[in-house]
Amino acid sequence: MAGTARFGMVGLGTMGKALTLNIAEHGYPVVGFDLDPAKAQAFTDEGSAKGAKGFSDAREFVAALEPPRTIMFLVPAGAPVDSVIATLSPLLEPNDFLIDGGNSYFKDTERRGAELKAKQLGFIGIGVSGGEEGARHGPSMMAGGDQASYERVRPLLEAVAAKAEGEPCVKLLGPRSAGHYVKMVHNGIEYGIMQLLAETYDMMHRGLGMSNADMASVFESWNGTEIGGFLIQIASDVLRSPDPDTGRDLIDLVKDKAKQKGTGKWTSQEAMDLGVPLPTIDAAVAAREMSGLKEERERASAVLPLSGVSAGRAQLLGFLEQALYVAMVGTYAQGFAMLRSASGEHEFELNLEDVASVWRAGCIIRSGLLPGFMSAFSAEPELENLMVAPSIAPQILARESALREVCRFGIDTGIPTPCYAASLAYLDGYRSARLPANFIQAQRDYFGAHTYERMDKEGVFHSHWGPQHEEGAPTFPTPPKEHPEKSGEYQS
């Protein structure tokens with residue numbers, strides 16, 4: 001006898017349990033599965049009033065679902081996802097439908113989609129953002145797959161998604177793994193903004209000697225501006241939270257050793273493959289790696305002590321707010337530039353206005369900046385970089401001096417500002433009509449005959465650099481016509 005539940009969730013941890021209860025509250029009969037019987041029972045206890053039930057036996061779970069079955073899984077990326085698919089596939093029938101809602105690597109999603117299609121099973125990958133609170137009351141969701149598959153679950157997803165001006169923050173963004181790719185870049189931007197806020201906290205805390213309560217008030221005031229959003233909102237909450245055991249501010253007891261789940265690193269790695277610069281995001285990944293050297297840093301602090309300088313509090317706070325605007329816009333700009341490049345490289349056909357729209361509510365990087373980004377992409381869908389949008393460029397120019405002052409303060413005090421400095425370098429590099437890469441190309445051609453292009457004529461060239469007629473001068477063989485890096489005719 002076929003089951004009656006219309007939706008199944010595999011993985012009843014923090015996110016899976018919260019999202020499934022959200023779905024049940026919207027009138028969809030649901031069941032959940034978890035290998036841990038305690039989690040399955042806890043889900044039943046909490047969801048029974050809404051008709052929800054948990055299972056720890058895969059066969060019973062599948063049997064409880066009405067064919068054609070729709071099953072989502074929210075489990076850690078990598079091997080656990082493959083394990084879920086391997087467990088469920090033999091129990092399913094053609095036209096049953098699977099949804100990977102975790103932070104899966106997009107190339108894994110491509111592979112799984114092809115494998116499941118061969119088994120006549122439907123599949124889409126959805127990036128889900130918003131944490132436990134978002135999953136419970138409305139996440140942002142980034143879907144990838146074919147239109148027909150998405151339509152099977154679109155009503156349910158739109159019902160449970162976060163809403164921005166009444167519009168659900170969920171869309172089919174492109175084919176195959178497009179949803180997980182966009183979620184990966186979302187997380188890269190998240191890394192950048194979180195590190196920028198950490199550096200802001202550090203300058204106020206160590207640089208100005210401000211109390212946690214005073215810093216919380218500053219973040220609270222900024223949340224009412226255009227840079228306001230979830231991460232700035234929770235910054236003030238974090239700084240005001242007491243430790244129930246000691247009565248002290250909890251933030252002062254947290255070890256300064258940040259962890260990561262890999263999505264920020266994936267973003268940097270994929271951007272390097274695309275040839276798209278992400279200096280702020282790269283710096284944020286490196287900053288987490290630096291934080292992991294806790295014991296080494298403690299030893300080094302005794303050998304290389306800081307000798308900082310003081311600064312005017314009111315002036316620096318004004319600079320920080322303006323600098324954070326420029327750095328945040330730059331971080332989003334890097335992410336959108338990567339998506340623009342990846343859309344062509346991977347044939348995702350991404351609409352960047354849609355991406356900005358999905359991020360307006362529910363997700364971790366939601367902020368007051370996103371409606372402006374939507375307008376910029378609506379006015380110019382092929383916009384190369386957000387920083388040059390007519391509505392945004394003047395705002396950057398009006399605030400860039402503040403970013404320089406913040407970086408200068410970090411230099412003078414010895415407080416590291418890797419993401420602020422990287423954001424400034426990105427701005428200065430992107431608007432430099434001429435960069436010193438000609439010097440790099442000359443050196444590469446000198447020692448490796450790697451060739452170069454000229455500004456005054458077409459072609460690919462190789463030259464003999466340096467004093468050519470002195471004894472001991474370097475000589476080079478004539479490069480072959482087909483060079484391993486770049487083919488073409490060589491001229492000297």
Exercise. Taking only pairs six or more apart or across chains, which ones have beta-carbon atoms under 6 Å, a first residue in region 117-133 that is within 15 Å of GLN147 (Cβ to Cβ), and a second residue that is acidic (Asp, Glu) and in a strand (DSSP E or B)?
Worked result: GLY125/ASP100
For this session: Could you please let me know if THR70 is within 23 Å of GLU133 (Cβ to Cβ), assigned by TED's automatic domain parsing to the domain that holds TYR150 and touching a Lys or Arg at 6+ places or on another chain (Cβ under 9 Å)?
Result: no
Problem set entry | Those residues of region 236-247 which are more than 18 Å from ARG206 (Cβ to Cβ) and surrounded by 11 or more Cβ atoms within 10 Å (Cβ to Cβ), in sequence order | SER236, ASP237, ARG240, SER241, PRO242, ASP243
Seminar exercise, completed: Residues in region 412-468 that are of a type in the set (S, T, N, Q), under 30 Å from ALA287 (Cβ atoms) and in a loop (DSSP other than H, G, I, E, B) total 2
Exercise. Is region 396-415 home to any residue that is crowded, with 17+ Cβ neighbours inside 10 Å and under 22 Å from the mean Cα position of the chain (by Cα)?
Worked result: no
For this session: Sort out which residues of region 1-19 are hydrophobic (A, V, I, L, M, F, W, C), crowded, with 24+ Cβ neighbours inside 10 Å and part of a loop (DSSP other than H, G, I, E, B), and write them in order of number.
Result: LEU12
Exercise. Is it the case that some residue within region 120-133 is surrounded by fewer than 19 Cβ atoms within 10 Å (Cβ to Cβ) and over 21 Å from ALA162 (Cα atoms)?
Worked result: yes
Exercise. Could you say whether any residue in region 313-336 is assigned to a loop (DSSP other than H, G, I, E, B) and surrounded by fewer than 18 Cβ atoms within 10 Å (Cβ to Cβ)?
Worked result: no
For this session: May I ask you to verify whether LEU403 is among the hydrophobic types (A, V, I, L, M, F, W, C), out of contact with any strand residue (DSSP E or B) (no Cβ under 6 Å at 6 or more places or on another chain) and modelled with pLDDT under 95?
Result: no
Problem set entry | Condition met for LEU172 (in the same structural domain as GLU25 (by TED's automatic domain parsing) and either assigned to a helix (DSSP H, G or I) or under 26 Å from LEU88 (Cα atoms) (or both)) | yes
Exercise. Going by the conditions given, is ALA178 in contact with a His (Cβ under 6 Å, 6 or more places away or on another chain) and touching a residue at least 60 places away in the same chain (Cβ under 8 Å)?
Worked result: no
Exercise. Among the residues of region 16-33, is there at least one that is under 33 Å from the mean Cα position of the chain (by Cα) and acidic (Asp, Glu)?
Worked result: yes
Exercise. Out of (1) part of a helix (DSSP H, G or I); (2) modelled with pLDDT under 95, the odd one out for GLY209 is which?
Worked result: (1)
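The values are calculated or read from the model by the stated rules, or taken from the named source; none is laboratory data. What you see is a predicted model; the values in this text were computed from it and never measured. Cβ sites come from the backbone with ideal geometry, for glycine too, and all protein chains shown count toward neighbours.
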